[in-house]
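No value in this document is a laboratory result; all are computed from the given coordinates. Remember, predicted model here, so these are calculated numbers, not experimental data. Here Cβ is always computed from backbone atoms with ideal geometry, including for glycine, and neighbour counts include all displayed protein chains.
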Amino acid sequence: MAQFGQEFTTQMVVANFLNNQWSEPQVQPIAPLNFHPGSHVLHYSSTCFEGLKAYRWVDGSIHLFRYQDNIKRLQNSANALCLPVPSYELLEQAIFSAVKAVEEEIPELPGALYIRPTLIGTELNIGAAGRGSLEAMLYVITSPVGDYFSGGIRPLKLLIDDENMRSTPKFGQVKTGGNYAASLASVTAAREKFGADQVLFCPGGQVQETGAANFIVIKGKQIITKKTDGSILPGITRASILQLAAAKGFQVMEIDYTVQELLDWLPDCEAFLSGTAAVLSPVGALIYRGVEYSVGDGQVGEHSMQLKTMLTDIQTGKKQDLYDWSKLVN
Ligand SMILES: *Cc1c(COP(=O)(O)O)cnc(C)c1O
């Protein structure tokens, strides 16, 4: 299987917002889109997206994981970008038909189907810099993905950046290309200068998250992460892991905390990144002001891996889903 993000299924779903109404979502062969170079999205970044997965369980049934939360988050992002907001029903229909259309192409476990609903402003008007696009396109593309950790789990190295922001205090909760663009220079420099995998953004010394994943610490019987206040993306994986940790007896601490506090915890804590693509990626080291600090013993954390297994067991139907997170598609 190709690298994550470069292989796609044969079909996609498209709906357009024109003259104040949405068209029916249509399944069509995946192909280049046709829109004018003067389209709003290409100039003013009126774009947002989602990322979720469908799994083929061993009995052949296909299940989506917590897609309702992805729909609500996309609506929230659309609102923030002044894009036409697709109804819950429209998004549900688009996602379900995109999955059903490629049912045969969904890999066996531990693979999955990664689903990328995307909403863009298509109004042809480079004069509309100061208002939202009045026309939009919603499309859902899908990608068969293999085991993210097929080469084994290598703990990540993060650079702590306490100068730059990946977003603004309120726009951080919006899943939009602009936030990724804003963090690119910092991530590129971290990779080139320090050999870091990712940047942990900590503007003003306050720990937030990385460019594309939430950051979570386990310290004794506490699980600690930045509270959702608009500045970070409210991750669905994050929320799921916190809920599972609470059920395992951990004290969940959604708080504001500083780089200094984090450094103090490091000798005996575990840390990981959470997000749909990799689910949970252990963090083995942090670099701050030129000094590298090991997270615990620098290896993959035991509690982190237990939480990862608990979550993937529910996603893949190996364990009973007490939370009603999985929804049958076919
Ligand atoms: C998508 C994303 C996440 C992870 O969200 P999930 O719902 O867990 O996939 C975290 N941070 C950022 C910046 C993201 O874009």
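Details
- Cross-link table 221/319; 193/221; 53/248, entries beyond 31 Å C-alpha to C-alpha: 193/221
- Over the range 254-310: Kirkwood hydrodynamic radius from C-alpha pairwise inverse distances, Å: 12.2 Å
- Computed over the chain, the per-residue total of -39500 (n - 2.57) for DSSP H runs of n ≥ 4 gives a 222 nm mean residue ellipticity of -8000 deg cm²/dmol, rounded to 500.
- Note on residue 302 and residue 58: the model spin-label points, each 7 Å out from Cα along the C-beta direction, lie 2.7 nm apart.
- Diagonalising the gyration tensor over the Cα atoms of the range 209-293 and scaling each eigenvalue by 5 before taking the square root yields semi-axes of 19, 15, 13 Å, largest first.
- Cα-Cα P(r), the range 156-315, percent of pairs per 10 Å interval: 11, 44, 37, 8, 0
- Inter-site label distance for residue 309 and residue 36 at 7 Å from Cα along Cβ, in nm: 5.8 nm
- Working from Cα pairs under 8 Å separated by at least six residues, relative contact order for the range 169-268 is 28 percent.
- Fully extended contour minus Cα-Cα distance, from residue 268 to residue 45, at 0.36 nm per residue: 76.0 nm
- Restricting the calculation to Cα atoms, every distinct pair contributes to the Kirkwood radius of the chain, found to be 20.7 Å.
- DSSP-defined antiparallel bridges as percent of all bridges, the chain, nearest 5: 80 percent
- Rounded tilt (10° steps) of 177-194 against the dominant C-alpha axis of the chain: 40 degrees
- Length released on extending from residue 19 to residue 168, taking residue separation times 0.36 nm less the Cα-Cα span: 50.4 nm
- Cross-link reach is defined here as a Cα-Cα straight distance under 14 Å, omitting same-chain residues fewer than 8 places apart; for residue 157 the aspartates and glutamates meeting it are 192, 197, 209, 270, 292, 297.
- Additional length obtainable on full extension of the chain from residue 255 to residue 93, 0.36 nm per residue less Cα span: 54.7 nm
- Modelled label positions at residue 124 and residue 277, each set 7 Å beyond Cα in the direction of Cβ, lie 3.4 nm from each other.
- Binning all Cα-Cα separations of the range 20-104 at 10 Å, short to long from zero, yields these whole-percent fractions: 14, 40, 36, 9, 2.
- Per residue, the convex hull spanned by the Cα atoms of the range 97-189 measures out at 173 cubic angstrom.
- With the largest listed first and rounded to whole Å, the semi-axes of the equivalent ellipsoid of the range 1-145 from the Cα gyration tensor are 28, 15, 13.
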